[in-house]
Amino acid sequence: MSEYSPAKSLVRGRLSSLLSRILFGIGRQTSYAFMVAFLTSMGGFLIAAQITFFILASVDFSASGTGGKFVSLFALSIALIYMPGYYIHFGMLRKLGVPSFTASLRILCRNVCGRRIRRGVPVSQLLPTLRAIEKLPRSNMVAAFIYPSLCMAAVVVQEVWLGSLQNAVVLFFAILSAITVYSFFTYVLAEVISGQTRQRIKRTLHVKKVSFKQKSYLSIRLKFAIEAVFILISFLQLWFMLSFPVPDSKQIFPVLFIFFAVLILVVMLALFWVSIQEALTEIEQAAINLGSGGQGQVFCRSLDKEIINVSRGIAIAAHAVNDARQNLEHKVEVRTHELAEALERVNELKKLQDGDYFLTSLLEQPLYYNGNKSEYISTQFLIQQKKQFEFKGRKGALGGDICVSGNLCLGTPGNFQRYTMAMNGDAMGKSMQGAGGALVMGVVMNAIMARSAKDDRILNTTPIKWLSDVYDELHGVFQAFDGSMAISAVIMLINDQSGQVFFFNAEHPWTVLYRSGHAVFVEEELYLRKLGMPSEIPFTVRQIQLEPGDVLIMGSDGRDDIDLTPDADTRKINADYNLFLQHVQEAGGDLHTIQQRLEAMGDLTDDLSLLRIGFQEQSQPDEKEIIIYRNIEHARARAYEESFADLYQRGREHYKAGQHREAYISFRAAYLIRKDIPMLNKYLAVLFMKDKDYQRAIEVLDRYLTQEPDSIEYWLYYSIAQKQLGNYDEALAAALRGYSLDQGHLLNLVNLCDLYRQTGDEGSARNYLALAMQIQPDNKEVQRLCQLIKHQSI
């Protein structure tokens, strides 16, 4: 490494200063635009040298004899077309009265001298001058393409006319590539040369308080892309030189071609580096200035889009920071007020949203209908929706899980079988979207069941045909939503006597069979896509056989999607679907125990619904039930022989005499003929409640309350029956309906208090207890609930 020499450094500095004075002296004597154009045109020598060696190695002038003519014409066109046109274009003869060729160049020549604005230029001319100097590199690039192209056209036409077409084509592409690189080179060089002047004009505009927007033209990405294209063209030209050399071509030509190509590439990369380095330095200084309490203004020399965008962002940030410094206290007050208003709007919107949730949940609850009344098959629901909300002090839940059950008679009037239908579904989407799907499923499924089982109707069809029709109807309904709504579901028909199960599973989690203390899946693979989604799998109804004491458990994917690490930063979702079998097995098939085990694993991340089906779990019904059942069947056989009026009258007489069992048989026989008589349903409801047959009580109460919706006593019966079966949502809805009819009904207030206590809503329980105590504080049930709530609080 050579040692630092002060003498050499002084010489270099003086030479640089001398060169700068000469160049800007030329600019003062001619024009600023000409000075920039003159400097940028010097780069043409490098590109001309590179393309010259390509032409010498690739164009065979010896065959056409036009080599001398090419050199002469090209030199003449450069001297007479390119140089005069190009330099006069930028104002070389401005002082002789020949103006520049464009308006922006004329503004530039008139207002800029050397590197500075001329004295006396009015403020109104500063912004047009900035726009003119911003356009200068682009104008230079366009002119550097047009004028050499005229020279190229002359020599190519001459070669076509006097020489060979092949030579003309090679010349055309060679010179065109050189002109393209040259024009881009002039843009980059002009941008660097004019950067300092452009920056000074921007500073002057800022001092004069003239607003302006910094403009950009090319981007850094595009510049490097053009560099890559230049490298690619150079490789192609080198390949052509080596593959198709002209006779007597010297081997040094490709070497010199490569040398000048690398030199051009290095020069352009150096210009890029200078431009980017200057821009980064300006941005860094602006940031330091802003941090030190200054204005933080950025006046970019660069015209690159990325740099200009960054400078605009810094300018916006600087304006905000400076504005905040000046008006911080006022802005804090304004922003606090805005945040308070925004929070109020958010709360209003949340109230509206919770109202929508509440209304939707009210629509959902009646659709989760456990209508199974089979003597031999039991069905239990457990539904825990993920979305919890509170609306006007009332807590609720909303989601896409749904369970429905009911009973059917399939066959002919003389030979039919009783079946229990069970459905568990999980609609696609969260919150409202899922609830919408569950609503559609619930409405359609309950409508199908009402149509199929109305008035103990016997359908002349088979389980497979019935399930196929149900699938077609449900699938068609959800297909109408065009993919925006779909649902996974399992729908089963279980023969009450034989235990034969017919079902289909539309992409729902597999059903579990719990038998003799062991749990297994009844499915092994995907058999069908979701309802509403295209399915490449043909529809089939599958069958299994249950044994007495068997339990089937359906469930949504909430049973598997459990966050195993609720307290960690990253969630870990359970992926072992077989784990649910272990829960069923260790819980003995009990739904509430299964739920407790799932919640003990971690946090539920989705809606959870479980539907339990027990087949002949009791070994034998008691003697009373057998007698009543046989008497009912006997009464059914006589129903069509005796008139309804006789059966009804006989039932009333037995009821008044206190002969409830006989009254029950007569009323049931009458019920098989007519189900639309309010007083008959009323008597049966009382008898079922006395006999604690809550499932049948709910059936007749449904009919009675549809006919007599203002009967507070029977809304209370309906609520108690639902509560005894564990259907707390239905029980609560019925009790609230009764409360809307009579807010002072003591037993209904006690029932409401007990329901809210059992569902964990202690606040609502206390509210209704207070109302009951106002009416009859010494009532035994009121006192009992008071003690229970007090102990729960402790």
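The values are calculated or read from the model by the stated rules, or taken from the named source; none is laboratory data. If you're wondering where the values come from, they're calculated on a predicted model, not measured in any experiment. Here Cβ is always computed from backbone atoms with ideal geometry, including for glycine, and neighbour counts include all displayed protein chains.
So here's what we get for this one:
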| quantity | calculated |
| --- | --- |
| Residue check for VAL188: surrounded by fewer than 17 Cβ atoms within 10 Å (Cβ to Cβ) and closer than 28 Å to GLY313 by Cα | no |
| Residue list for segment 84-127, filter: within 58 Å of the chain's Cα centre (by Cα) and β-branched (Val, Ile, Thr) | THR102, ILE107, VAL112, ILE117, VAL121, VAL123 |
| Scope segment 100-128; condition in a strand (DSSP E or B) and hydrophobic (A, V, I, L, M, F, W, C); matching residues | VAL112, CYS113, ILE117 |
| Criterion: of a type in the set (Ser, Thr, Tyr), at pLDDT below 85, exposed (fewer than 14 other Cβ atoms within 10 Å of the Cβ) and in the same structural domain as THR52 (by TED's automatic domain parsing) - qualifying residue of SER249, SER243 | SER243 |
| Unique match (being surrounded by 13 or more Cβ atoms within 10 Å (Cβ to Cβ), small (Gly, Ala, Ser) and under 38 Å from the mean Cα position of the chain (by Cα)) among ALA279, ALA261, ALA318 | ALA318 |
| Test: PHE173 is hydrophobic (A, V, I, L, M, F, W, C), without any contact (Cβ under 8 Å) to a residue 40 or more places away in the chain, assigned by TED's automatic domain parsing to the domain that holds PRO137 and farther than 15 Å from ARG301 by Cα | yes |
| Some residue of segment 412-434 being without any contact (Cβ under 8 Å) to a residue 40 or more places away in the chain and either assigned to a helix (DSSP H, G or I) or not assigned by TED's automatic domain parsing to the domain that holds SER488 (or both) | no |
| Inter-residue pairs, beta-carbon under 9 Å, first assigned by TED's automatic domain parsing to the domain that holds ILE81 and on the phi < 0 side of the Ramachandran plot and in segment 148-169, second in a loop (DSSP other than H, G, I, E, B) and of a type in the set (S, T, N, Q), 6+ apart | GLN158/THR66; GLU159/THR66; LEU162/THR66; GLY163/THR66; SER164/THR66; ASN167/THR66 |
| Number of positions in segment 365-384 that are modelled with pLDDT under 85 and either in a loop (DSSP other than H, G, I, E, B) or in contact with a strand residue (DSSP E or B) (Cβ under 7 Å, 6 or more places away or on another chain) (or both) | 3 |
| Top-ranked residue of segment 60-99 - restricted to ones that are touching a Phe, Trp or Tyr at 6+ places or on another chain (Cβ under 8 Å) and outside any helix (DSSP H, G or I), ranked as surrounded by the fewest Cβ atoms within 10 Å (Cβ to Cβ) | MET92 |
| Residues (charged (D, E, K, R), within 44 Å of the chain's Cα centre (by Cα) and more than 30 Å from PRO128 (Cα to Cα)) located in segment 213-248 | GLU227 |
| Of all residues in segment 458-502 being small (Gly, Ala, Ser) and in contact with a helix residue (DSSP H, G or I) (Cβ under 9 Å, 6 or more places away or on another chain), the one that is nearest to LEU610 (Cα to Cα) | ALA489 |
| Of all residues making up segment 179-210, the number that are outside any helix (DSSP H, G or I) and either more than 47 Å from the chain's Cα centre (by Cα) or of a type in the set (Val, Ile, Thr) (or both) | 3 |
| Tally, over segment 282-315, of residues that are outside any helix (DSSP H, G or I) and surrounded by fewer than 17 Cβ atoms within 10 Å (Cβ to Cβ) | 4 |
